[in-house]
Amino acid sequence: LLGGKSSTDLIRNGADEASVEGLFTVDRHHAPTMAMLSAIGIDLDDDEFVVRRTITRKGRGKIFIGGTLQSLTTLRNLMRTVIDISGQHEHVSLLDAARHRAILDKFAGIEPDVEAFSALFATYTQLRRERDALAASLDERTKRLGFLDYQIEELENAAVKAGEAESTIEELKRLSNSDALERAIESSVMALYDDDASLVSALSQQITELSKLRKNARELNDVVETLKTAYHAIEDAVHDLRHIHVDDASPERIAYLQDRLSLIDKLERKYRVKADELPILQDSLVAERSALVLSDERIDTLDKEIAQIAQKLIAKSAELSAARQKAAQILSHEATQGLHLLAMENAALEIVCQTNTDLKTMHATGGDEIEFLLSSNPGEPPRPLAKIASGGELSRVLLAIKRAIVDKDDVACYVFDEVDTGIGGLTAAHVAQMLKEVSLCHQVLCITHLASIASYADAHFKVSKYVVNERTQSRITRLTESERVEEIARMLGGTSITDKTMAHAAEMIEQAKGLNEGAKS
């Protein structure tokens, strides 16, 4: 349920599938868990959510969180904010060196400063990327600027206007027909008006002759009027013909127009646009050139901004480093004192702060790499927590650290396993007291065989196994007060429980309650 690896070995013999389900209660004020649930779209009902995981014989499995199918990574990331098990290396979040910096920052109380640094660092990174991208294309930009200058000059010199191609073609057509047009006009005017045998002369003569006869033949009136109308229409037509402008078809003008058409055609083919789009293309090339020129100016501006932010980051990183180093000394001292109380008199926790002042290799939380190391005995080099082989020793080391950061860690529930391995007497009492201190800020589940530890618990659960139909089953039972006294007595005296051990057990529980009340106050 915490996101560990699954195995078909977990399936009961004879079954095709294994299914495990857990109900988790969450404090709505626990920001890390609430943020994760919100990110995956889980709405809490009664402050609870259910995790269910199934495994089949084929090795396939499914994960459900709040009834929705989720990935193993999502499950692992969510449950890291809920439960931390001390004793099983796979699930101990403190073994992840990547978390040590966050823990130390919480202990130092510099999280707001780290967030401010991260925001400024994000701005710095963005500006650097923009600047690097512009600089990387500098050669290409220079070449492009030269090419744009050539194209813009060519288009400016050509000065092609919208509609010019069509108007030039029309003018050429008119000029090529100007001689024929002039001859046709002269011929028409001669035939209609100027010649002695022109149509106007013939009409005039006929109108005169018919007008003489219409006194005796009234039916000629309409004919005469029609001929007069035709006469005047021809006069108007002749007038219009004489006023038609015929372009001067000079060879120079025709050659100029042909050259313009040739240039326009060349530009159309070269730039793969229509003639009317050439002015638009020119405007776009000018705009592109302006943008490239501005890019050079942008690089200069970015260099100044980056330099200013870099100075601030270096100063803030130094402040964070100083705060971390100071907090590291305090935390390592407090954790080491806790180790001495847990029968690890020669052990010492060392917190290594490796500081990097080079912005190029710095990360969003500053220039420090933080790692918790343990020196178990004098003369031994400190080792990463993940290298601690003993489960019992690991549990006590983590207990000492968690006690020191009790009000700083985000994990909601701690599970301690094997914390009582190889200890007893006063050391066991110290372990119990530390567990109680931690439980004031976090839920604590402790698996123990020691009565001196179990007596401090607020609730006592007994794990038992029994056989039903040749199948072994496990049962977890919450004990009543009387059952708890009996179980503590059993833990003290084994199978033989006497009135003396019962009384001793009751006394231990009462003493622990008194100490618990004192711790809470």
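Any read-out appearing in this document is the output of simple, stated calculations on the displayed coordinates, not a laboratory observation. All values derive from a computational prediction rather than experimental measurement. Backbone-built Cβ (ideal geometry, glycine too); neighbour counts: all protein chains shown.
Observations
- Shape of the stretch 1-81, Cα gyration tensor, a/c cut at 1.5: prolate
- Label-point separation, Leu261 to Asn469 (7 Å along Cα→Cβ), nm: 10.1
- Folded to 0 to 90 degrees: helix 278-341 orientation relative to the chain principal axis, Cα: 0
- For the chain, the longest principal axis of the alpha carbon atoms and the long axis of helix 164-176 meet at an angle near 20°.
- Measuring how big the stretch 280-435 is from its alpha-carbon positions, Rg and Dmax come out at 25.8, 92 Å.
- Pairs of Lys in the stretch 345-494 closer than 21 Å at Cα, counting only those 8 or more apart or on different chains: 4
- Label zone at Ala291 (point 7 Å along Cα-to-Cβ), backbone N below 19 Å, the stretch 125-158: 130-153
- Fully extended contour minus Cα-Cα distance, from Lys462 to Ser211, at 0.36 nm per residue: 76.0 nm
- Euclidean distance between Cα centres, the stretch 413-451 to the stretch 345-401, Å: 22
- Fully extended contour minus Cα-Cα distance, from Cys441 to Asp149, at 0.36 nm per residue: 98.0 nm
- Neighbour-count order for Thr477, Thr123, fewest beta carbons within 10 angstrom listed first: Thr477, Thr123
- Span from the the stretch 17-40 Cα centroid across to the the stretch 461-478 one, whole angstrom: 27
- Estimated at 0.36 nm per residue, the fully extended path between Ala233 and Val406 surpasses their Cα-Cα distance by 50.7 nm.
- Assigned charges on the beta-carbon of Lys, Arg, Asp, Glu; the chain dipole about Cα centre (debye): 2680
- Sequence-distant residues sharing a close amide H with Val444 (under 5 Å, placed H): Tyr414
- For the chain, the longest principal axis of the Cα atoms and the long axis of helix 199-213 meet at an angle of about 60 degrees.
- Rounded to the nearest 5, the antiparallel percentage of DSSP beta bridges internal to the chain is 80%.
- Top positive-direction residue, dipole computed over the chain with Cβ charges, set Leu394, Gly66, Ala230: Leu394
- Long-range HN-HN contacts of Val82 with modeled amide H, under 5 Å: Ala412
- Between the stretch 108-131 and the stretch 246-297, the Cα center-to-center distance that results, in Å: 51
- Note on Leu134/Asp358: beta-carbon distance plugged into 1/(1 + (r/R0)^6) with R0 of 22 Å gives a FRET efficiency of 0.45.
- Evaluating 6.51 cos²θ - 1.76 cosθ + 1.60 at θ = phi - 60° for every residue in the stretch 7-17, the Karplus couplings come out as 8, 5, 5, 7, 7, 4, 4, x, 9, 8, 8 Hz, glycine and proline recorded as x.
- 17 Å Cα-Cα reach of Lys58 towards aspartates and glutamates, excluding residues that sit fewer than 8 places from it in its own chain: Asp9, Asp16, Glu17
- Ordering of 32-39, 467-474 by packing [mean C-beta count within 10 Å, highest first]: 32-39, 467-474
- In a simple Cβ point-charge model (Lys, Arg +1; Asp, Glu -1; nothing else charged), the stretch 381-429 has a dipole of about 220 debye relative to its Cα centre.
- For Asp276, Asp132, the sequence from fewest to most other C-beta atoms within 10 Å is Asp132, Asp276.
- Note, ³J(HN,Hα) from phi for the stretch 256-267, Karplus 6.51, -1.76, 1.60, rounded to Hz, x at Gly and Pro: 5, 5, 5, 5, 5, 5, 5, 5, 4, 4, 4, 5
- Candidate lysines for bridging to Lys215, where Cα separation is under 26 Å - those fewer than 8 sequence places away on the same chain excluded: Lys228
- Semi-axes of the equivalent ellipsoid of the chain are 104, 34, 19 Å, computed as sqrt(5λ) over the eigenvalues of the C-alpha gyration tensor in descending order.
- Values of log10 I(q)/I(0), in the order q = 0.20 Å⁻¹, for the stretch 419-520 under a Debye, Cα-only, solvent-free model: -1.06
- By the beta-carbon count within 10 Å of each Cβ, the least crowded to most crowded order of Leu263, Leu172, fewest first, is Leu263, Leu172.
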